[in-house]
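The structure appears right after this line, and notes come after that.
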Amino acid sequence: MNFHIMTLFPEMVSGSLSNSITGRAENKGIISFNAVNIRDYSGDLKHHKVDDYTYGGGAGMLMQAQPIYDCFIDIRDKIIQNGGKIPRVIYVTPQGSVFNQEKARELSKEDDLVFLCGHYEGVDERVLEEIVTDYISIGDYVLTGGELPAMVMIDAIARLVPGVLNNDESALTESFHNNLLEYPQYSRPEEWMGKKVPPILLSGDHKKVDEWRLEQSIIRTKERRPDLYEKWLLENPPKPEKKKRRRRKTAEEPVVSENAAIDSDFDLKDGE
Ligand code: ADE
């Protein structure tokens, strides 16, 4: 997958993405980053101007249509020369739909993606109408430019491209997998600051560990992200309990049933 980033600050983008896991994948040739300076396409050969005042008045400067359009045409033509198709163009803007894991998964299937990073007070509407296919935000707050949001999205998309994560990394159960947050995890030592690792994790009983982790994920999601928990509940309605007398649990017995963490929502009565 090739990421093309149209920006006024190309060094900000390539400097960051060429590190760590995305940098390793770039070195292996699985993904590439092509940060293109919009200023190089300015029609103003003397001052390389790319912005101007807004018609109708108002504070601040607007990025002009022509340099952005020419920059995109250059990127698009190179993609087509290399056998690709016309790419999707994402304008990163707080006015877009909010990015999430599902969107990252969808975009990770593309061969080429173009990101347009805005600055100043925005971009001339006419070039957006001409080239943009997706308007995406990273959340309901305003940043000074589109580079950071573009990098956030690129990182989330890149790690879903086959081969970017190694087996260990991709085998990890993820937050947002099935709308559940990840369970708590512990490493050595067994006791730190008086806090002990939950004994079930030292038991060697993989089935019990899996049950405990699922239960913890459910509890954590319910507490921290009730919105995600509601989604998960819709997709995983609790299994109806068999019509038999429920045996009372002894005090020591661990709670491991898949329904255990959600029983409280369904108020099971004795004898049901
Ligand atoms: N540009 C400025 N703020 C942004 C945001 N929240 N998401 C995407 N692009 C932006």
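No value in this document is a laboratory result; all are computed from the given coordinates. All of these numbers come straight from a predicted model, not from anything done at the bench. Don't worry about glycine lacking a Cβ; one is built from the backbone with ideal geometry, like all the others, and counts go over all protein chains shown.
Each part reduced to its alpha carbon centroid, region 71-117 and region 1-17 end up 13 Å apart. When the inverse distances between all different Cα atoms of region 8-102 are averaged and flipped, the Kirkwood radius reads 16.1 angstrom. Given a 10 angstrom Cα cut-off, can you work out which residue in R225, R24, R159 is the most mobile in a GNM of the chain? Looking only at R225, R24, R159, the largest GNM fluctuation is found for R225. Here r is the Cβ-Cβ distance between K239 and T54 and R0 is 45 Å; the resulting FRET efficiency, rounded to 0.05, is 0.15. For H177 and S14, the FRET efficiency from 1/(1 + (r/R0)^6), where r spans their Cβ atoms and R0 equals 25 Å, is about 0.25.
A full extension of the chain between E125 and K196 corresponds to an added length of 19.8 nm, given 0.36 nm per residue minus the alpha carbon distance. When I138, I219 are arranged by Cβ crowding within 10 Å, least crowded first, meaning fewest neighbours, the order is I219, I138.
Summing Cβ point charges (Lys, Arg +1; Asp, Glu -1) relative to the Cα centre of region 2-168 gives a dipole of roughly 440 debye.
For the chain, the calculated P(r), taken from all Cα-Cα distances in 10 Å bins from zero up to the bin holding the longest distance, is 6, 22, 25, 18, 14, 10, 5, 1, 0 percent. Put in order of Cβ neighbour count within 10 Å, fewest first, the listed residues H48, H119, H4 become H48, H119, H4.
Peptides 144-150, 202-208 ranked from most to least packed by the mean count of surrounding Cβ atoms within 10 Å: 144-150, 202-208. Ignoring everything except DSSP H segments at least 4 long, calculate the 222 nm mean residue ellipticity for the chain; use -39,500 (n - 2.57) per segment, divide by total residues, nearest 500. Estimated from H runs of four or more residues: -10500 deg cm²/dmol. Plainly put, region 43-165 has a radius of gyration that is 0.99 times its Kirkwood radius, both from alpha-carbon atoms, as the Rg/Rh ratio. Restricting the trypsin sites (Lys or Arg not before Pro) of region 26-78 to loop positions (DSSP other than H, G, I, E, B) with no more than 15 neighbouring Cβ atoms within 10 Å leaves K28, K46, K49.
When you count the other C-beta atoms within 10 angstrom of each residue and take the mean per peptide, 131-137, 87-93 line up highest first as 87-93, 131-137.
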